[in-house]
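In what follows, a structure is listed as structure tokens, so that the remarks can point back to it.
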Amino acid sequence: MQPPETITDGVVVLRQFREGDRSAVLETMGDPLVQRWLNMPREPVDRDFDSLLRLIRASRESGDRHDYAVTERDVDVPVGSVIASRRHRENYEVAYLAGAAGRGRGVMSRAVRLLCGYLLDEGIGRLELRTHPENEPSQRLARRCGFRREGTERSSIWLHGKRADALVWSLLPGDRR
């Protein structure tokens, strides 16, 4: 599967990251809430953005991972990101993050629905996502997008150098979205 460069619903635009996104991405990496739930550099610098762009490009070429900047139709500045990573048995794991400008307005819910809709329309049979048990905002977003909580994976993720549990969520083609 080779997803398109851009996916949109007319309000939210998912597009490829580019060099001009540097300041917005570094700001999001440094956001306290993003840093609380994700392994981000404490004080992001240019080389962190450069490393991210290299990872995004290599992963897209291999087909293992597809990263999209989340923007709005009239404002082409990233407010977050959605990611689809290929997993075993041709399942995909969806991940997302939002800086302060992308929270509380429904933008990320639209972005996740848009990405999931594309993947399911392409014939993907199962989408998964994982949330930290204490990350309530992420769990609410998963529910809004139609994901169902399946259970807890004990000590399955690394967060800030320590193992942590993860809640596993799934979305199947027949699920209500």
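Numbers for the structure displayed
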{"read-out": "Helical mean residue ellipticity (222 nm; -39500 (n - 2.57) per DSSP H run of 4+; nearest 500) of the chain", "value": "-9500 deg cm²/dmol"}
{"read-out": "Solvent-accessible area, 1.4 Å probe, carbon plus sulfur percent, for the stretch 10-77", "value": "52 percent"}
{"read-out": "Low-density loop positions, GluC sites (Glu not before Pro), the stretch 84-177 - DSSP coil, at most 13 other Cβ in 10 Å", "value": "GLU122, GLU134"}
{"read-out": "Accessible area in square angstrom per residue, the chain, 1.4 angstrom probe", "value": "53 Å²"}
{"read-out": "Gyration tensor (alpha-carbon) shape descriptor, the stretch 112-169, a/c threshold 1.5", "value": "prolate"}
{"read-out": "Alpha-carbon centroids, the stretch 107-146 and the stretch 24-103: separation in whole Å", "value": "15 Å"}
{"read-out": "DSSP H segments from the chain that extend 18 Å or more along their own axis, Cα-based, with Kyte-Doolittle mean of 1.6 or above", "value": "none"}
{"read-out": "Listed residues ALA164, THR6, ASN39: farthest to the positive end of the dipole of the chain (Cβ charges)", "value": "ALA164"}
{"read-out": "Share antiparallel - DSSP beta bridges, the chain, percent rounded to 5", "value": "95 percent"}
{"read-out": "Accessible heavy-atom area order of HIS66, HIS88, highest first, probe of 1.4 Å", "value": "HIS88, HIS66"}
{"read-out": "Cα shape, the chain, gyration tensor, a/c 1.5 rule", "value": "rounded"}
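The values are calculated or read from the model by the stated rules, or taken from the named source; none is laboratory data. Nothing here was measured: the structure is a model prediction, and the numbers come from that model. So basically every Cβ, Gly included, is an ideal-geometry build from the backbone, and we count neighbours across all protein chains shown. Please note that ligands, DNA and RNA were not included when accessible areas were found on the heavy atoms of the full protein model with its side chains. Shrake-Rupley method; radii C 1.70, N 1.55, O 1.52, S 1.80 Å.
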